[in-house]
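See structure below.
The values are calculated or read from the model by the stated rules, or taken from the named source; none is laboratory data. Keep in mind the model is a prediction, meaning the values are calculated, not measured. All Cβ positions, glycine included, derive from the backbone under ideal geometry; neighbour counts span all protein chains shown. Remember, those area values only see protein heavy atoms, side chains included, never the ligands or the DNA or RNA. Shrake-Rupley method; radii C 1.70, N 1.55, O 1.52, S 1.80 Å.
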Amino acid sequence: MPGPAPDERMRPEGRRNSQGIRVDPEAEVTHEPRQAVLSALVKHRPGVLAEISGLFSRRQFNIESLTVGPTVDEDTARMTILIEEPEPGIDQAKKQLQKLVPVISVTELEPEAVRRELALIKVGGEKPDDVNAVAEMYGGQAVDAATDSVTVEVTGSKPKIDAAVEAFKQFDVQEVVRTGAAALERGADTLEKHD
Amino acid sequence: MSERASVPKEDQTETEQDDDREPITTGAQSVIRALENAGTDYVFGVQGGAIMPVYDALYDSDITHVTMAHEQGASHAADAYGVVTGDPGVCFATSGPGATNLVTGIADASMDSDPMIALTGQVPTDFVGNDAFQETDTVGITQPITKESYFAGDSDTVGDNVSEAFALAASGRQGPTLVDLPKDVTQGETDREPMAPTTPDTYDVPEEADDTDVQEAVEALADAERPVILAGGGVIKADASPALREFATEYEIPVITTMPGIGSFPEDHELSLEWAGMHGTGYANLAITNTDCMLAIGTRFDDRLTGGVDSFAPDAEIIHVDIDPAEISKNIYADYPLIGDAKMVLRQLYDAMPRAPDADEWRERCQDWKSEYPMTYEMPDDEPLKPQYIVETFSEVTDDDTIVCTGVGQHQMWASQFWEFTEPRTWVSSHGLGTMGYGAPAAIGAKLAAPDQEVVCFDGDGSFLMTVQELIVAVREQLDITYVVLNNEAVGMVRQWQDGFYEGRRMASEYPWIPQFDKLAEAFGARGFRLEDEADVEDTIQAAREYDGPAVIDAIIDPAENVFPMVPSGGDNGLFALEESHLEML
């Protein structure tokens, strides 16, 4: 075939980074991952959780937690999804989520949104009074007590729960269950369609 | 020039108002009624236990059922039917293996955004989850490869599910949908008429792009010195080819297509640079590399098109028109995103464009590249038959509206490179999924979709063998299709990569034990031809075309022939190799 070989051809300078983003070559932009809280209203019907979690897994989004529960409308459920991604990944996750047919609307919540997580922590029952004292320090309470175990409920932000779990380690933690975050926007804003 | 290659469809309202039809008594009947209401003429499928009630209801319908040899064939035929007509092709399969056999075709349709609806039988609802005979979780399996998969749980609403799935497949960014039909639901009693085809209320289809965004985009385009239009499959899907032609010729902007976009712009037009990507033309790839402003319409910037993203159109500002917001900045950052229907946005752009870009010099340079890197091949006298020559010869003797189907492999690339496409919906191929075996059943779907148009299928020996059993369908239905097997006794594309990138270690890529396809064709009841000499090419093609029914030309081609130009995977489009030795430089 005629024509110059590859090394004889004219080439432009190029102004794209490895993500295909056009950049100023002097100051190449790299996107550091950040945490984002996505809140999604979805149709409350069988299989919807599998559809959404499947989307996150097959598109390789780094998911931190996912919680789901009904809303006041019995046909609608609400999901809170924490992801840690660079900016384009967060944008892509929102759009892909919005594309799913059972998804009514998707919003990324502001960092100051109300975020709460629930943990149940089962510890040894030797020092129930001490356990109770620690629980109170974290605004929690004992919800079950037996001769050899106490189960404590703590609600709050992720760092607070992390700290609580750490504090309970002195009592021989036997089991922990955590829900992952549920979150709502502060103020009067709600997640309606076409917002 | 016909925008849509199919025969015109009957007026839909007529069917809906047809009150002479028998009242519905079962879920299965409402399934069929929903298909009738949506205007279905053909269904491709294979019978089986769990889907039997639906087939029984089909017995009384005017919808024509085409029994395929394998469910994979049904899904590819339905896909091709959808590509050619623009309306969803329909395929049926039973539960379990029937449904799983459809999966390849569904995934193929999903990757290429082809409108298609699959209806699968399922074990009765009481048995679901018990690992019953021929049970699989069809909804679970297909969810990632459909726009939506429905589990129909109720005889009263099963028709609504089918109507919605049909509408969803056809609207917005098109794609496959599936409805899983438990046997007790289709057998169950109901007198409900299915609703009219309507998309779900959560599904929004954008139409026109934002006017301010359009204004900003046209200003960037008008200011460009080296503008190009990149037209993807979405242009064809949106029936936007005439709008594209109008826009490009009015503002004199060179047009490159993607491979699925082949046919969206006439390749014989002087502004056409044909198609870009891994095996696209040198001039298209050079134009992409050197453009300063690209208007990309209906393309998802697949890696076979872009090569490495950092070297893709490195100097260009990108205006990206797409109906799917999720495609914006997914692979290539869009400086000017325009979300909307390609046809409508092209009209907006046309009206808003302040002036044609001042690009005489650029157009000249593109023409120079055309003469510098022409699509050619060597054909010495004593060499074996060249595949490119066969494609080129065939292209010259047929009409513009001839539909070309292919399998996947080297033959697919030669067909796309050396056939001259001028009309939309005449190129039917498997792009995103790259499904070997797509060609033979796709040609059946295409021929039934457009019975008045000539249909030719280029296949490779490896690809053809994967679905060769579908020949029996072409014979039974007396379909006038010409199959050309470009036979190099190998999975040629794999062998080419092994030679180029694996030191010629041809592990499992050579097929010296293939059958004689002309004799195989005769065994199926088709007409077989064997082609070995250059001198016989034209006569053999004519003889096969003249035969009224499926004909198979077993063309024994030069096994040393490889596909060039080539951009290595993840490479730089501007640095395409023109021959084997160039690969070492890259």
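So here's what we get for this one:
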item	result
Heavy-atom accessible area ranking, 1.4 Å probe, most first, across B:65, B:320	B:65, B:320
Share of carbon and sulfur in the accessible heavy-atom surface of the stretch B:166-246 [1.4 Å probe, %]	42 percent
Distance from the stretch B:426-483 to the stretch B:397-416 (C-alpha centre basis), Å	11 Å
Accessible-area ranking of B:251, B:438, largest first, probe 1.4 Å	B:251, B:438
Per-residue ³J(HN,Hα) for the stretch B:185-191, Karplus 6.51 cos²θ - 1.76 cosθ + 1.60, θ = phi - 60°, Hz, x for Gly and Pro	6, 6, 7, x, 7, 7, 10
Phi to ³J(HN,Hα) by Karplus 6.51 cos²θ - 1.76 cosθ + 1.60 over the stretch B:340-356, Hz, x for Gly, Pro	x, 5, 4, 5, 5, 5, 4, 5, 4, 5, 4, 5, 8, 4, x, 6, 6
Separation between Cα centres of the stretch A:31-69 and the stretch A:124-195, rounded to whole Å	24 Å
Listed residues B:371, B:241 arranged by accessible area, highest first, probe 1.4 Å	B:371, B:241
Amide H partners (placed H, <5 Å) of residue B:484, local residues excluded	B:457, B:458, B:459, B:553
Within the stretch A:118-195, trypsin sites (Lys or Arg not before Pro) in DSSP loop having at most 16 other beta-carbon neighbours inside 10 Å	A:186, A:193
For residue A:34, solvent-accessible area (1.4 Å; no DNA, RNA or ligand), Å²	80 Å²
Derived scalar couplings ³J(HN,Hα) [the stretch B:570-586; Karplus, 6.51 cos²θ - 1.76 cosθ + 1.60; whole Hz; x for Gly, Pro]	x, x, 9, 4, x, 10, 6, 8, 9, 7, 3, 5, 5, 4, 5, 6, 9
Alpha carbon centroid spacing (whole Å) that separates the stretch B:272-348 from the stretch B:196-247	12 Å
Amide H partners (placed H, <5 Å) of residue B:421, local residues excluded	B:267
Whichever lysines have a C-alpha closer than 28 Å to that of residue B:147, once near sequence neighbours (fewer than 8 apart) are set aside	A:43, A:94, A:95, A:99, A:193, B:9, B:183, B:237, B:330, B:343, B:447
Residues with amide H under 5 Å from that of residue A:104, placed H, sequence gap 5 or more	A:41, A:42, A:43
Solvent-accessible surface (1.4 angstrom probe) belonging to residue A:10, in square angstrom, nearest 10	120 Å²
Bridge type composition, the stretch B:481-561 - antiparallel percent by DSSP, nearest 5	10 percent
Solvent-accessible heavy-atom area per residue, rounded to whole Å², over the stretch B:55-128 at 1.4 Å	26 Å²
Electrostatic dipole magnitude of chain B [Cβ: Lys, Arg +1; Asp, Glu -1; Cα centre; debye, to 20]	1300 debye
Rounded to the nearest 10 Å², the accessible area of residue A:126 at probe 1.4 Å	140 Å²
